[in-house]
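**Q** I'd like to ask some things about the structure below.
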Amino acid sequence: MSAPAHASAHHAPSGFWRKYVFSVDHKVIGIQYYFLGLFSVFLGMSLSLLMRFHMVNPEAKVSWFATLWPKAAAGGMMTPELYLSLMTMHGTIMVFFVLTTVPQSGFGNYFLPIQIGAEDMAFPVLNMMSFWTTFLALVVMVAAFFVQGGAPLSGWTAYPPLSGAGPITGPGEGIGQTLWILSIAIFCGASLMGAINFIATTVDLRCKGMKLMRMPLTCWTWLVTAILGLLGFAVLLAAGVLLILDRVAGSSFFLPSGLFISDQIIANHKGGSPLLWQHLFWFFGHPEVYIAILPGMGVTSHLLATFARKPIFGYKAMVYAVLAIGFLGFLVWGHHMFMSGMNPYSAMAFSVLTMCIGVPSAIKTFNWIGTLWGGKIRFTTAMMFSLGFVSLFVSGGLSGIFLGQPALDLYFHDTYFVVGHFHMIMGVAAIFAMFAGTFYWFPKMFGRMMNETLGKIHFYLTFLGVYGIFTPMHYVGLVGNPRRYSDFTNVEYLAGVIPVHKFMTYCAYLTAAAQILFVINLFWSLKKGAKAPVNPWHATSLEWTVPSPPPFDNFAGVHPVVNHGPYEYSVPGVERDFVMQTDPPTAVPAEG
Amino acid sequence: MGMAGSLTHETIQGPPPPPPFEGGWGGGGGGNDGRGSSRRASFTGLWVLLAASTMVFAAFTSAMVVRRGLSDDWASMPKPPILFVNTVVLLLSSAALDMARRALKAGERGRFNTWWTIGSALGLMFLAGQTLAWMQLKDAGVYVSTNPSSSFFYVLTASHAFHLLGGVSALLYVDVQALRLRLGPAKRTAIDISAIFWHFLDGLWLYLMVLFYVWG
Amino acid sequence: MLLAPVVWILTVVISYFFAAKTWWFPLPINQHGAAYDEQFARTLVVTGVIFILAQFALGWVIFRYRDDGRRAEHFHGNNKLETIWTSATAVLFLGLVLMGTKIWAGVHFDEPPADAIPIEVLGKQFAWSFRYPGSDGKFGRTELKLINDAGGNPFGIDDKDPASKDDIVSASLKIPAGKPIKLILHSRDVIHNFFVRELRMKQDIVPGMEIPISFTADKIGVYEVPCSELCGLGHYQMRTTMQVMSADDFEKWKQQQLANK
């Protein structure tokens, strides 16, 4: 670093609290989000292991279950309501505190400002508040486990009347469900703050020469995700307010007349519409799917180009595809409701729009393969996870072609076919992108390299493991296996699929065990990894021009100037096989 | 793989900072004039915030339209007449803020302080008036659960009031700074932002009044 | 590099189980079911071909373009190719969905014939009940206050209403083969879902709404009806059966039910 330090107008804060806890530095906040997500993903995964165990051993008595849940697992046998609360919390924690948090708020916070040449986010204090609000939301969510009745059992979609009529609909529907809605509302607030920061930063804080069409694709996906979050979470917040009023203030937004629950006439609610909740929820819920996956697409595009040493195939098409997905994402929520009793004509409109959104997704896949074509692929662990992402994205995306047709949904709705579909495309595909991002950016974030051998073993085990868990879900879906069942022994035709479920459970154990390798790698590398150089991957974007880890205000007071697009690899006539974005214009012989 | 090879590349290219207000969406410039909020970024942030608030109220409105159309239990609720007084108070507060901004443009700090203080006080009065309206409704036996029309009335007015709390805090912050004679150029942004936000809440309130009297 | 064969092997294994139909649908028992299976097969072929091509292409580029000391090629894209595959995907996907609309329309837009047998379906936590109007073709009046599950009156039927005298209530669904049936679905507590695999039909049952579905089952047999929308802790055991009988047996069953009343 030859940059003069005194050029910086700002000084790094001193003192433990301002530096690491209530920090306004986007890099610290990004790392805080990352570790919040890491905690959440292990919590969510543990819940899923308990579920998978119970599904294939519904009668098993495990003594420490009784220790953990003296009531809901009295005698060590898990009750169906405990199973459903694990399921609800698994889904909620994974969707909100992992898939929404890590790729966007974690990596985005850390790398968006650096990649566009800014010193920080536009509103650093707001950024800090956003993280601590998210933290509060997580605390409130986890608290639902410890209240009377336990965590809610209505699933992450919380359909009323099950979620709206109070504890008479089941255990966990008391305080637990109220806390759940409260946590989601707090989370919405945090996401809105984050979205404001991401959009203002991208629009206004780009450095000289960083035209929009010179931004790395990661920045594009963070921008579009922020817009989706802004509009989507606003609606979820409104829906959450209405649902909580139905529960605590006796209003009837979603609760209809004529309810008779647990031998009681529900006289104080009338005239509400359960479908209204579904419309509001999925107006948020479908964009949420893209909030989870778009940053993953950005990371994948970015890494494929870097490690294939090639320009991204069709940069503009990729940008337009992201914008199209973002826009269409708001017009397809009804495909979650084909069987809900909504107008069947609107189902047809939603299905056509749904097929339309498949087109930009397909474009992305084609362009990824086009990017690899003719490349010189370096198989780093980060690249392996990106390639794995492409494979999973194809597999998970194609099952959507079945589910997007209302006619075929007549059979598949709420079967394991759906569970397999969304886990593959928005669950593990997004998580693969997170692993890719971790291996790729770890050197920059912590100044040390991760272990590649351990990383590759982890990759192969995880790749085979998730295919082993989620592919068979499609098969049992074909048999008509309903989802959200804690036990399959009551339905005769499910006898044949129980061995398949056993196989999935074993694969889940294996995959979970493989994650221990990741944690070891992460923490071992933090302490003992080889020192990372400034640009270990010979990549082009701005974060690779600054030390690892970057100084407090990223560029040490120097204002970077960008002269090239983000993916100038293997340019003919240039000796080195990459041109940094900040290289002088003369670095490239002719406009390439 | 040998990826972790040494690096020969020059690190940061560092010509002097770019001119602050160049380009925007299409351009290549960035007003990167420091850590944190430049004036332009603050405005972008404001527009984004207004978009989010608009979405929240759009969601409530569509819920109201659907809920009203779906069933036969919708009964128009009695609206406390004080709402009209509140409306006038809110509009006056917006006007006062505008007078204040004009005074500032003319360089008259003293007049700015007076008008801004009046505007903030009227804002607080509106909140007090709303509280009065809710109490009157409560005394008349109209609660959140009484009828869907009253449910929506409470939800919409409370959400509006929640926004207003933020707005009033911003106005008071500016006011305190102004009275302590600390209005540097950076505070101009705070003045403009809080005034625009306040005007937005004005417009939102008028929209809600129309909604209540036509549909509620 | 090793990833290429891994992807290929996975592709073969996954495709094998779809092609071999190791785990599969039961045979359909109505015309809609047969049409459904055709549409499923069409979609499976299209997506299957794309799946195999895409995964094999991925494996191929991984294998062929591994780092072997060459320099990578340099190009930024190809607008012609881009246009071709965009329009090809659009045509394929939209074509599929349009082909399926007839099946959807058949379920939701075709009015059931006038002589369709009306049956009221009641979903409640966590059991099913079915009500037949009897020979007068009229369902008797119901009231929430009269609901008595233990006493065999989950619908809350008012005995004083003459129309309810010959109403039959059953815990499982019995229908005659070859006759059009019209189910009227309603729930008294939370959302449930009526699903018969062999009919290839599914419909949410939403409290506060009455949702009709109609069909004609052709094959005699007993088919399971598992609740398919999360309804609470007993969701997994909310199951009943649909028995398709000959017209004679159906009449006999009805007489028997009336006699036992």
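**Q** Would you check which residues across the stretch C:196-237 are polar (S, T, N, Q) and within 7 Å of another protein chain (Cβ to nearest Cβ) and list them? Don't jump to the end; show me each part of the working.
**A** Here is the first cut: in the stretch C:196-237, the ones polar (S, T, N, Q) are C:203, C:214, C:216, C:228, C:237.
Correct list: C:Gln203, C:Ser228, C:Gln237.
**Q** From the list A:Phe463, A:Phe439, A:Phe503, A:Phe435, which one is over 30 Å from A:Asn554 (Cα atoms), crowded, with 23+ Cβ neighbours inside 10 Å and aromatic (Phe, Trp, Tyr)? Let's see the steps before the verdict.
**A** Values: A:Phe439 fails: over 30 Å from A:Asn554 (Cα atoms); A:Phe503 fails: crowded, with 23+ Cβ neighbours inside 10 Å; A:Phe435 fails: over 30 Å from A:Asn554 (Cα atoms).
Residue meeting the stated conditions: A:Phe463.
**Q** Sticking with this structure for a sec: Can you spot a residue in the stretch C:180-195 that is under 20 Å from C:His32 (Cα atoms), among the small types (Gly, Ala, Ser) and touching a residue at least 12 places away in the same chain (Cβ under 8 Å)?
**A** Taking the stretch C:180-195 as the starting set, the residues that turn out to be under 20 Å from C:His32 (Cα atoms) are C:180-185, C:193-195.
Subsequent filtering for residues that are among the small types (Gly, Ala, Ser) retains none.
No: zero hits.
**Q** Taking A:Leu392 as the residue in question, decide whether it is in contact with a helix residue (DSSP H, G or I) (Cβ under 8 Å, 6 or more places away or on another chain), surrounded by fewer than 24 Cβ atoms within 10 Å (Cβ to Cβ) and more than 7 Å from every other protein chain (Cβ to nearest Cβ). Can you show your working first?
**A** Working: in contact with a helix residue (DSSP H, G or I) (Cβ under 8 Å, 6 or more places away or on another chain): yes; surrounded by fewer than 24 Cβ atoms within 10 Å (Cβ to Cβ): no; more than 7 Å from every other protein chain (Cβ to nearest Cβ): yes.
Here the answer is no, as A:Leu392 does not meet what is asked.
**Q** Scanning for something within 16 Å of the chain's Cα centre (by Cα), basic (Lys, Arg) and either within 30 Å of A:Gly477 (Cα to Cα) or at pLDDT 95 or above (or both), does the stretch C:242-257 turn up at least one residue? Steps first, answer last, please.
**A** We begin by selecting, within the stretch C:242-257, every residue within 16 Å of the chain's Cα centre (by Cα); these are C:242.
Now restrict to residues that are basic (Lys, Arg): none.
No, every residue in the stretch C:242-257 fails to be within 16 Å of the chain's Cα centre (by Cα), basic (Lys, Arg) and either within 30 Å of A:Gly477 (Cα to Cα) or at pLDDT 95 or above (or both).
**Q** Still on this structure, please answer the following. Among the residues of the stretch A:459-472, are any more than 30 Å from A:Met355 (Cα to Cα), touching a strand residue (DSSP E or B) at 6+ places or on another chain (Cβ under 7 Å), modelled with pLDDT of 95 or more and within 11 Å of chain C (Cβ to nearest Cβ)? Before you say what the answer is, go through the steps one by one.
**A** Kept after step one, since they are more than 30 Å from A:Met355 (Cα to Cα), are these residues of the stretch A:459-472: A:459-462.
From what is left, the residues that are touching a strand residue (DSSP E or B) at 6+ places or on another chain (Cβ under 7 Å) are none.
Within the stretch A:459-472 (the criterion being more than 30 Å from A:Met355 (Cα to Cα), touching a strand residue (DSSP E or B) at 6+ places or on another chain (Cβ under 7 Å), modelled with pLDDT of 95 or more and within 11 Å of chain C (Cβ to nearest Cβ)), the answer is no, since none of the residues qualifies.
**Q** Taking C:Arg200 and the conditions (1) without any contact (Cβ under 8 Å) to a residue 40 or more places away in the chain; (2) touching a His at 6+ places or on another chain (Cβ under 8 Å), which numbered condition does it fall short on, given that it satisfies the others?
**A** It fails just one condition, (1).
**Q** Next up: Can you tell me which residue within the stretch B:59-89, out of those that are outside any helix (DSSP H, G or I) and of a type outside the set (A, V, I, L, M, F, W, C), is nearest to A:Trp277 (Cα to Cα)?
**A** Of the stretch B:59-89, the ones outside any helix (DSSP H, G or I) are B:71-81.
Next cut, of a type outside the set (A, V, I, L, M, F, W, C) only: B:71-73, B:76, B:78-81.
Values: B:Ser71: 15, B:Asp72: 19, B:Asp73: 18, B:Ser76: 23, B:Pro78: 27, B:Lys79: 27, B:Pro80: 30, B:Pro81: 33 Å.
Restricting to residues being outside any helix (DSSP H, G or I) and of a type outside the set (A, V, I, L, M, F, W, C), the top hit is B:Ser71.
**Q** Which one of these is exposed (fewer than 14 other Cβ atoms within 10 Å of the Cβ) and of a type in the set (Val, Ile, Thr): C:Ile9, C:Ile62, C:Ile14, C:Ile52? If you could, list the steps in order and put the result at the bottom.
**A** On the way: C:Ile62 fails: exposed (fewer than 14 other Cβ atoms within 10 Å of the Cβ); C:Ile14 fails: exposed (fewer than 14 other Cβ atoms within 10 Å of the Cβ); C:Ile52 fails: exposed (fewer than 14 other Cβ atoms within 10 Å of the Cβ).
Unique residue meeting the criteria: C:Ile9.
**Q** For the stretch C:17-42, enumerate the residues that are more than 10 Å from chain A (Cβ to nearest Cβ), in a loop (DSSP other than H, G, I, E, B) and surrounded by fewer than 13 Cβ atoms within 10 Å (Cβ to Cβ).
**A** C:Ala20, C:Leu27
**Q** Here's something else I'd like to know. Those residues that are within 14 Å of chain A (Cβ to nearest Cβ) and either closer than 24 Å to C:Phe215 by Cβ or out of contact with any helix residue (DSSP H, G or I) (no Cβ under 8 Å at 6 or more places or on another chain) (or both), I need them from the stretch C:143-181; list them, please. If you could, list the steps in order and put the result at the bottom.
**A** Pass one, the stretch C:143-181, residues within 14 Å of chain A (Cβ to nearest Cβ): C:143-151, C:153-157, C:172.
Answer for the stretch C:143-181, where residues must be within 14 Å of chain A (Cβ to nearest Cβ) and either closer than 24 Å to C:Phe215 by Cβ or out of contact with any helix residue (DSSP H, G or I) (no Cβ under 8 Å at 6 or more places or on another chain) (or both): C:Glu143, C:Leu144, C:Lys145, C:Leu146, C:Ile147, C:Asn148, C:Asp149, C:Ala150, C:Gly151, C:Pro154, C:Phe155, C:Ser172.
**Q** A further question follows. Residue by residue through the stretch A:442-453, note down the ones that are outside any helix (DSSP H, G or I) and surrounded by fewer than 23 Cβ atoms within 10 Å (Cβ to Cβ).
**A** First, pick out the residues of the stretch A:442-453 that are outside any helix (DSSP H, G or I): A:447-451.
Once the filter is applied, which keeps residues that are outside any helix (DSSP H, G or I) and surrounded by fewer than 23 Cβ atoms within 10 Å (Cβ to Cβ), the stretch A:442-453 yields A:Gly447, A:Arg448, A:Met449, A:Asn451.
**Q** Do you know which of the residues in the stretch B:134-160 that are touching a residue at least 12 places away in the same chain (Cβ under 8 Å), surrounded by 19 or more Cβ atoms within 10 Å (Cβ to Cβ) and small (Gly, Ala, Ser) is nearest to B:Leu201 (Cα to Cα)?
**A** Top of the filtered list is B:Ser159.
**Q** Also, quick follow-up: Where in the stretch A:62-130 are the helices (runs of 4 or more DSSP H), entirely inside, with at least 1 residues that are over 29 Å from A:Ala200 (Cβ atoms)?
**A** On the way: elements: A:63-68, A:80-92, A:109-115.
Of the helices (runs of 4 or more DSSP H) lying wholly inside the stretch A:62-130, those with at least 1 residues that are over 29 Å from A:Ala200 (Cβ atoms) span A:63-68, A:80-92.
**Q** For A:Ile425, state whether it is of a type outside the set (Lys, Arg), buried (at least 24 other Cβ atoms within 10 Å of the Cβ) and away from every other protein chain (no Cβ under 11 Å). Break it down stepwise before answering.
**A** Values: of a type outside the set (Lys, Arg): yes; buried (at least 24 other Cβ atoms within 10 Å of the Cβ): yes; away from every other protein chain (no Cβ under 11 Å): yes.
So A:Ile425 fits the description; yes.
**Q** When you scan the stretch A:492-499, do you find a residue that is farther than 28 Å from A:Leu153 by Cα and surrounded by fewer than 19 Cβ atoms within 10 Å (Cβ to Cβ), even just one?
**A** Quick first cut of the stretch A:492-499, residues farther than 28 Å from A:Leu153 by Cα only: none.
No, the stretch A:492-499 contains no residue that is farther than 28 Å from A:Leu153 by Cα and surrounded by fewer than 19 Cβ atoms within 10 Å (Cβ to Cβ).
**Q** Say we look at the stretch A:310-325 and pick out the residues that are more than 10 Å from chain C (Cβ to nearest Cβ) and crowded, with 23+ Cβ neighbours inside 10 Å; which of these is farthest from C:Phe194 (Cα to Cα)?
**A** A:Val322
**Q** What are the residue pairs meeting all of these: first residue in the stretch A:96-110, first residue closer than 14 Å to A:Tyr440 by Cα, second residue basic (Lys, Arg) and surrounded by fewer than 24 Cβ atoms within 10 Å (Cβ to Cβ), Cβ atoms under 8 Å, and 6 or more apart or on different chains?
**A** These pairs meet every condition: A:Tyr110/A:Lys27.
**Q** Quick check on this structure: which one of A:Pro549, A:Pro482 is surrounded by 23 or more Cβ atoms within 10 Å (Cβ to Cβ) and closer than 29 Å to A:Val41 by Cα? Working first, answer last.
**A** Values: A:Pro549 fails: surrounded by 23 or more Cβ atoms within 10 Å (Cβ to Cβ).
Of A:Pro549, A:Pro482, the one residue that is surrounded by 23 or more Cβ atoms within 10 Å (Cβ to Cβ) and closer than 29 Å to A:Val41 by Cα is A:Pro482.
**Q** Tell me whether the stretch A:134-156 contains one or more residues that are at pLDDT 95 or above, closer than 26 Å to A:Ser548 by Cβ and part of a helix (DSSP H, G or I).
**A** So far as the stretch A:134-156 goes, no, none of its residues is at pLDDT 95 or above, closer than 26 Å to A:Ser548 by Cβ and part of a helix (DSSP H, G or I).
**Q** Among the residues of the stretch A:510-526, are any out of contact with any Lys or Arg (no Cβ under 7 Å at 6 or more places or on another chain) and in a loop (DSSP other than H, G, I, E, B)?
**A** Keep residues of the stretch A:510-526 that are out of contact with any Lys or Arg (no Cβ under 7 Å at 6 or more places or on another chain), which gives A:510-524.
This time we only want the ones that are in a loop (DSSP other than H, G, I, E, B), so: none.
Looking through the stretch A:510-526, none of the residues is out of contact with any Lys or Arg (no Cβ under 7 Å at 6 or more places or on another chain) and in a loop (DSSP other than H, G, I, E, B).
**Q** Right, another one. Just to be sure before I move on: is C:Arg239 in contact with a Gly (Cβ under 9 Å, 6 or more places away or on another chain) and either among the aliphatic types (A, V, I, L, M) or at pLDDT 95 or above (or both) in the structure I sent? Spell out how you get there, then give the answer.
**A** Working: in contact with a Gly (Cβ under 9 Å, 6 or more places away or on another chain): no; either among the aliphatic types (A, V, I, L, M) or at pLDDT 95 or above (or both): yes.
Considered against the rule, which asks whether it is in contact with a Gly (Cβ under 9 Å, 6 or more places away or on another chain) and either among the aliphatic types (A, V, I, L, M) or at pLDDT 95 or above (or both), C:Arg239 comes out as no.
**Q** Can you tell me which residue in the stretch C:172-195 is farthest from C:Gly232 (Cα to Cα), limited to those that are assigned to a strand (DSSP E or B) and in contact with a Gly (Cβ under 9 Å, 6 or more places away or on another chain)?
**A** Pass one, the stretch C:172-195, residues assigned to a strand (DSSP E or B): C:173-176, C:180-187, C:192-195.
Now narrow it down to the ones that are in contact with a Gly (Cβ under 9 Å, 6 or more places away or on another chain): C:185-187, C:192-195.
Details: C:Leu185: 19, C:His186: 17, C:Ser187: 14, C:His192: 10, C:Asn193: 13, C:Phe194: 15, C:Phe195: 17 Å.
For the stretch C:172-195, the residue satisfying everything is C:Leu185.
**Q** I would also like to ask the following. Working only within the stretch A:352-374, note down all residues that are in contact with a Lys or Arg (Cβ under 9 Å, 6 or more places away or on another chain) and more than 8 Å from chain C (Cβ to nearest Cβ).
**A** A:Thr371
**Q** How many residues are within 13 Å of chain C (Cβ to nearest Cβ) and either under 12 Å from A:Pro160 (Cβ atoms) or part of a loop (DSSP other than H, G, I, E, B) (or both) when one looks only at the stretch A:245-260?
**A** Just the residues of the stretch A:245-260 that are within 13 Å of chain C (Cβ to nearest Cβ), to begin with: A:252-260.
If we keep only those that are either under 12 Å from A:Pro160 (Cβ atoms) or part of a loop (DSSP other than H, G, I, E, B) (or both) as well, we get A:252-259.
Selection size over the stretch A:245-260: 8.
**Q** Shifting gears a bit: Filter the stretch A:207-244 for residues that are of a type in the set (Val, Ile, Thr) and either within 16 Å of the chain's Cα centre (by Cα) or more than 11 Å from every other protein chain (Cβ to nearest Cβ) (or both) and give the result. Lay out the reasoning, then the answer.
**A** Step one: list which residues in the stretch A:207-244 are of a type in the set (Val, Ile, Thr), which gives A:218, A:221, A:224-225, A:227, A:235, A:241, A:244.
If the condition is that a residue be of a type in the set (Val, Ile, Thr) and either within 16 Å of the chain's Cα centre (by Cα) or more than 11 Å from every other protein chain (Cβ to nearest Cβ) (or both), then A:Thr218, A:Thr221, A:Val224, A:Thr225, A:Ile227 are the ones that fit.
**Q** Within the stretch A:176-191, does at least one residue satisfy the condition of being surrounded by fewer than 24 Cβ atoms within 10 Å (Cβ to Cβ), within 12 Å of another protein chain (Cβ to nearest Cβ) and more than 30 Å from C:Pro207 (Cα to Cα)?
**A** Yes, because at least one residue in the stretch A:176-191 is surrounded by fewer than 24 Cβ atoms within 10 Å (Cβ to Cβ), within 12 Å of another protein chain (Cβ to nearest Cβ) and more than 30 Å from C:Pro207 (Cα to Cα).
**Q** Conditions: (1) within 11 Å of chain B (Cβ to nearest Cβ); (2) modelled with pLDDT of 95 or more; (3) not in a helix (DSSP H, G or I). A:Pro566 meets all but one. Number of the miss?
**A** For A:Pro566, the failing item is (1).
The values are calculated or read from the model by the stated rules, or taken from the named source; none is laboratory data. Keep in mind that this is a model prediction, so the values were computed, not measured. Ideal geometry is used to build each Cβ from the backbone, glycine not excepted, and the neighbour counts take in all protein chains shown.
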